[in-house]
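The values are calculated or read from the model by the stated rules, or taken from the named source; none is laboratory data. Quantities reported herein were computed from a predicted structural model and do not represent experimental measurements. Every residue, glycine among them, receives a Cβ derived from its backbone with ideal geometry; neighbour counts consider all protein chains shown. With ligands, DNA and RNA removed, areas are computed over all heavy atoms of the protein, side chains included. Shrake-Rupley method; radii C 1.70, N 1.55, O 1.52, S 1.80 Å.
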Amino acid sequence: MSTATIKAPESGKTPPVPGGGQAPVKPGADDGRIGLRANLRHIGALVRRCALQIKQDPESMMDALLMPIVFTLLFVYVFGGAIGGGGGGASRDQYVQYLIPGMMGMMSMSIAMAVGTGINEDFRKGVMDRFRSMPIARSSVLIAKSLVEVGRMLVAIVVLLAVGLLCGFDLNGHWLGMLGAVGLTALFGASLLWIFILVGLSMETAQAVQGISFLVLMPLQFGSSVFVSTDTMPGWLEAFTKVNPLTHVADSARGLMLGQGAVAGPVMWTVIWAVGLTVVTAPFAIAKFRKKV
């Protein structure tokens, strides 16, 4: 009596199923089954999708375009004279020099907040269900969103600098320092994206995401050296501002763009904060995203 020999399927081929044909491939392949080139191609396609969405809905760029203008004009011409020392035009000009570099970090934080609302709405509208059915690396969705938001941050910073120059901001030839400050601010903003992605994945509604995000933003923005020197604050608040990462970002930008004050310390702490926030929050955000999809 002869016995049939069962052959193991060759490596890399889908095993046959009874009745002919092959077993269907499960959509939404894991990252480990997708090569680097394919992963980069997926990221590029998703970035292009986000760019087309912005083109079709220009209002989604309103925060990046209008927020720098509104905040700059508000603080320079409404509060600038008083905050600058009440010296009229001279004090206002000095305050512009102080304010513009500090607001770069504030812009990156405000723009980063939008990614949490966006990813929350994508889940509610079923966009993630479509991605789940596609054979793409799940991480490519988060990476593409992060790249688009970093691009929006850079747009907001460019608008801020343009408005600042119109209001009297003077770089005094520190153009390389300005580029360094922009890059450092974008690095810090990119690390904040993971926090707001985690918030967006954890909250049930976009309104809840916005509420939690504002509770995080307000103390960090106004309890820092962005708008005023920390020397004018009470002792307990000054102690908080000295460990506030936004203070380090603002001081780094001022040192690089104006050549004033210490630079090495604030730059070092900004990089430490950026790397630390990414290392701590990114794994939780990715794990939460994998669980939901």
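One table, with the values for the structure above:
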quantity	calculated
Too-long pairs where the Cα-Cα distance tops 18 Å, listed order kept, from Lys55/Lys288; Lys145/Lys288; Lys55/Lys145	Lys55/Lys288
Potential lengthening between Leu40 and Met268 on full extension [0.36 nm per residue; Cα-Cα distance subtracted]	79.0 nm
Relative contact order for the stretch 37-291, counting Cα pairs under 8 Å that sit 6 or more residues apart, in percent	27
Full-extension gain in nm, Gln53 to Gln207, via 0.36 nm per residue minus C-alpha separation	53.3 nm
Heavy-atom accessible surface of the stretch 37-291: percent carbon and sulfur, 1.4 Å	69
Cα-projected label distance for Met218 with Gln260, points at 7 Å along beta-carbon direction, nm	3.0
FRET E, pair Arg124, Leu66, Förster distance 30 Å, beta-carbon r, rounded to 0.05	0.70
Rounded to the nearest 10 Å², the accessible area of Glu149 at probe 1.4 Å	20
Residues Trp175 and Thr232, FRET efficiency given R0 of 25 Å [Cβ-Cβ distance, rounded to 0.05]	0.20
Scaled radius of gyration (Cα, divided by 2.2 N^0.38 Å) that the stretch 37-291 gives	1.05
Solvent exposure, largest accessible area first (probe 1.4 Å, DNA, RNA and ligands not counted), of Leu179, Leu256, Leu74	Leu179, Leu74, Leu256
Computed over the stretch 95-204: relative contact order in percent, which uses C-alpha pairs under 8 Å that are six or more apart	57
Approximate spin-label separation Val275-Tyr77, in nm, with each point projected 7 Å along Cα-to-Cβ	4.4
Protection proxy ranking of 227-237, 94-104, 36-46 - average other beta-carbon atoms within 10 Å, highest first	94-104, 36-46, 227-237
